[in-house]
Amino acid sequence: SQRIIAPSLLAADWSRLADECSRAIRAGSDWLHLDVMDGHLVDNISFGPQFVATIHRTNDIFLDVHLMIDRPDHFLDRFIKAGADNITVHVEANHDVGDTLRRIRAAGLSCGLAIDGQTPFAAAEPWLDQIDLFLVMTINAGFGGQALIPETLDKVRAAKAWRESHGLSYHIEVDGGVHNGTLPDVLAAGANAIVAGTALFGAPDLSLIHI
Ligand code: DX5
Ligand code: ZN
């Protein structure tokens, strides 16, 4: 699949948000990754639909919205209205996964399903034929700047093998602890959509993009 680089705005300097978005886009980002956290599904609170709408209003780039929230079904319409292009929901959240994925697709958006660092691959199997993107968290979701958990790459390999054996075409996205040192293993495992916060926004030219 096509290589996609998606900087996570969580690691941008929010005091200069517009400049940070331009910097990421000029450097060649394919998508912007927006991490929404509600303090329930994960132990952190980030931002909501109004933030997503602001980024949408001021940038043309594809917005990859990652909902780390407990009731994605309840908030879904607000994120669709905010201008998300892809919405990814977690299998661990408190909702009817199949129904939420159907609603995302019905709105004409790309739909993604995520599994957290400790969740087995099998938890996602029932829905893999209904998604455009499969997000394998390579950390325990909640905070930027953590170290990649190497065992999670087994799930990337499993996702790639499943995609081939079932004739599917979802993107395989990784999120958490990706930097120059871990990227070769991540790519070798089969990921094609790469989220990185700290490693990209921490570098003046977001140089990871050019690997
Ligand atoms: C964490 C978020 C990630 C995070 C990645 O729960 O989903 O997108 O920002 O950050 P880094 O690249 O710093 O590990
Ligand atoms: Zn994310």
In this structure, is Ala18 more than 22 Å from Ser207 (Cβ to Cβ) and more than 16 Å from ligand 1 (Cβ to nearest atom)? no
Some residue of segment 18-27 being hydrophobic (A, V, I, L, M, F, W, C) and within 22 Å of Leu113 (Cα to Cα): no
Would you be able to tell me the number of residues in segment 31-42 that are within 15 Å of ligand 2 (Cβ to nearest atom) and either open to solvent by 50 Å² or more (accessible area, probe 1.4 Å) or out of contact with any Ser or Thr (no Cβ under 7 Å at 6 or more places or on another chain) (or both)? 6
All positions within segment 99-121 that are open to solvent by less than 60 Å² (accessible area, probe 1.4 Å) and either in a loop (DSSP other than H, G, I, E, B) or aliphatic (A, V, I, L, M) (or both): Leu101, Ile104, Ala107, Leu109, Leu113, Ala114, Ile115, Asp116, Gly117, Thr119
Residue within segment 74-82 that is in contact (Cβ under 8 Å) with a residue 40 or more places away in the chain and open to solvent by less than 40 Å² (accessible area, probe 1.4 Å) present: yes
Search result, residues across segment 1-30 that are of a type in the set (D, E, K, R) and open to solvent by 40 Å² or more (accessible area, probe 1.4 Å): Arg3, Asp13, Arg16, Asp19, Arg23, Arg26, Asp30
When you check Phe134 against the structure, is it within 14 Å of ligand 1 (Cβ to nearest atom), among the aromatic types (Phe, Trp, Tyr), on the phi < 0 side of the Ramachandran plot and without any contact (Cβ under 8 Å) to a residue 40 or more places away in the chain, yes or no? no
Unique match (being away from ligand 2 (no atom under 16 Å from the Cβ) and of a type outside the set (A, V, I, L, M, F, W, C)) among Gly117, Gly83, Gly142: Gly83
Residues within segment 184-208 that are polar (S, T, N, Q), surrounded by 15 or more Cβ atoms within 10 Å (Cβ to Cβ) and farther than 15 Å from Ser1 by Cα, tallied: 1
How many residues are open to solvent by less than 20 Å² (accessible area, probe 1.4 Å) and away from ligand 1 (no atom under 15 Å from the Cβ) if we restrict to segment 156-183? 4
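The values are calculated or read from the model by the stated rules, or taken from the named source; none is laboratory data. Keep in mind that this is a model prediction, so the values were computed, not measured. A quick note on method: Cβ atoms are made from the backbone with ideal geometry, for glycine too, and the neighbour counts reach across all protein chains shown. These area figures cover heavy atoms from the full protein model, side chains too; ligands, DNA and RNA do not enter into them. Shrake-Rupley method; radii C 1.70, N 1.55, O 1.52, S 1.80 Å.
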